[in-house]
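A short worksheet on the structure shown next.
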Amino acid sequence: MNSHRRRVFRLIGTAIGGSDQDFTSMRVGKAIFLLSLPMVLEMLMESIFAVIDIFFVSQLGADAIATVGLTESLMVIVYSIGFGFSMATTALVARRIGEKNSKGAAVAAGQAILIGLMVSIIIAIPGALFAGDLLSLMGASPELVARNAGYTHIMFAGNTVVMLLFIINAIFRSAGDAAISMRVLMVANLINIVLDPILIFGWGPIPAIGIEGAAFATNIGRGIAVLYQLKILAGQSSRIHIQWRLLRPKPAILIQLIKLSLGAIGQNLIATASWIFMVRLVSHFGSVAMAGYTIGIRVIMFSLMPSSGLGNAAATLVGQNLGAGKPDRAQRSVWITGFVNMALLGFISVFFIIIPEQFIRLFIDDYAVIVQGALCLKIVGAGMLFYAMGMVMHQALNGAGDTITPTLLNLICFWAIEIPLAWFLALKGGFNVEGVYLAIVIAESTLTLLGMWVFSRGKWKLKKI
């Protein structure tokens, strides 16, 4: 028993500390564990960003919470493009690593950083200039815009650090350096946790700047994390070593990245744009419903982010094993990862269904908001088993370089099912805000079943990139 325990602790230490491993030749279970543990912790760190911000911002009132929720919905363009480029990066870099082509992996990584930088600058200018107008379009009151538009302005202006953080961490993960991605997010979170209360409420000679302080804290934390990432990539000890010359435009690689990313961007835009419609529907029922929805969804996302680490592990394993000419091993890795994810999220969902109010009370004392947030958590949380398997299936397809199929599935489930169903149930069927939550569960569950069917057909094994 003691020797078994020591082996387990050594394995955990290897996963968290990082090591140079060939994930295409070791036991599948060990490969999943070594990749997924730091990826789960990384996603936990990412979700802590959202939870910490909403924890401190909630003390400023329902309008401040609603502003964060509306801004997050507007920032979908940044997250979607960042996700798209990160998936394209994962597919290319993991495939080259599986082929034992480290130079090709470094070239792909350098071009991914370059294109992410260029696109984020293009987004920052209009996003920052028209922040107030964008909030108004989302249904925010003139008073809310006048008081809190600064938060949205700062978040759009600083989108470059979000984009680069996504892409560079994808480089580390797809190369098998998932422990580095985890450490990067830890650095960013520690800075954010320290700066949030200081900048929001003031401390000593530092004045309180309210909700804008949360935006500054987030961007500063992520910005320092990006500098840390670049320092590691420039070092000789990194598994992927990037030199400045690799950042010079290489049209063939850029075009390949763009082609791969378009599908991933499309699928995420389709999914997240549907959330804009959901937010607009919820805002129809007032600021209290909007505040409850924002907190409830933040709790859901907090629980899903670590689980998405398992999805990222599946994407990496698929890419590397396809590069190594082992498609059956890639398929087996995905199914195992999917069932592990179901066990994890199934356990969490029990608490969301039984005691949802306790999670909402962690953020706010307003009874009306707690009731609304608990309602969101209980209904949306009931579909966690489906979300778990769906997350892994879709990331596996992306990791194989098949970004078009998940895009089509998202289009069907979110725009042909979720949006019309939510509108009908909430505004015509008499379910009110509950109708929005029911539509989310139905659409996401359908998406998972379709994803499992597509994956089981195996056409993704033939994808060449």
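For residues that are surrounded by fewer than 18 Cβ atoms within 10 Å (Cβ to Cβ) and over 20 Å from the mean Cα position of the chain (by Cα), tally how many sit in the stretch 344-353. Count: 4. Contact map, the stretch 91-106: residues that are touching a residue at least 40 places away in the same chain (Cβ under 8 Å) paired with residues that are part of a loop (DSSP other than H, G, I, E, B) and among the basic types (Lys, Arg), Cβ distance under 9 Å, separation 6+ or inter-chain. Pairs shown: Ala91/Lys463; Ile97/Arg239; Gly98/Lys326; Ser102/Arg239; Ala105/Arg239. Look at the stretch 382-401: where a residue is more than 17 Å from Pro306 (Cβ to Cβ) and a partner is in a helix (DSSP H, G or I) and of a type in the set (Lys, Arg), sitting 6+ places away or on another chain with Cβ atoms under 8 Å, you get Ala400/Lys461; Gly401/Arg95. Every listed requirement among (1) farther than 19 Å from Arg95 by Cβ; (2) at pLDDT 90 or above; (3) under 18 Å from the mean Cα position of the chain (by Cα) is met by Ala179 save one, (2). Return yes or no: is Leu135 buried (at least 19 other Cβ atoms within 10 Å of the Cβ), in contact with a Leu (Cβ under 8 Å, 6 or more places away or on another chain), of a type in the set (A, V, I, L, M) and farther than 23 Å from Met305 by Cβ? So Leu135 fits the description; yes.
For the stretch 57-116, the tally of residues that are of a type in the set (D, E, K, R), assigned to a helix (DSSP H, G or I) and closer than 30 Å to Gly323 by Cα stands at 3. You will find that of Leu41, Leu92, the residue that is crowded, with 23+ Cβ neighbours inside 10 Å, more than 20 Å from Asn219 (Cα to Cα) and not hydroxyl-bearing (Ser, Thr, Tyr) is Leu92 and no other. Taken as a whole, the stretch 173-181 holds no residue that is in a loop (DSSP other than H, G, I, E, B) and over 30 Å from Leu317 (Cα atoms). Condition check: under 21 Å from the mean Cα position of the chain (by Cα), surrounded by fewer than 19 Cβ atoms within 10 Å (Cβ to Cβ) and under 15 Å from Ala271 (Cβ atoms). Does Val441 satisfy that? Yes; evaluated as a whole, the condition is true for this residue. Here the condition is being in contact with a Phe, Trp or Tyr (Cβ under 8 Å, 6 or more places away or on another chain), assigned to a helix (DSSP H, G or I) and either at pLDDT below 90 or closer than 16 Å to Tyr79 by Cα (or both); of Val161, Val187, it holds for Val187 alone. Only residues that are touching a residue at least 12 places away in the same chain (Cβ under 8 Å) and either of a type in the set (S, T, N, Q) or surrounded by fewer than 24 Cβ atoms within 10 Å (Cβ to Cβ) (or both) were counted in the stretch 361-381, giving 11. Does Leu247 satisfy the criteria of being closer than 30 Å to Ile360 by Cα and either buried (at least 18 other Cβ atoms within 10 Å of the Cβ) or not polar (S, T, N, Q) (or both)? The answer is no for Leu247.
The values are calculated or read from the model by the stated rules, or taken from the named source; none is laboratory data. On a predicted model such as this, the values are computed, not experimentally measured, just so you know. We place every Cβ from the backbone using ideal geometry, glycine too, and count neighbours over all the protein chains shown.
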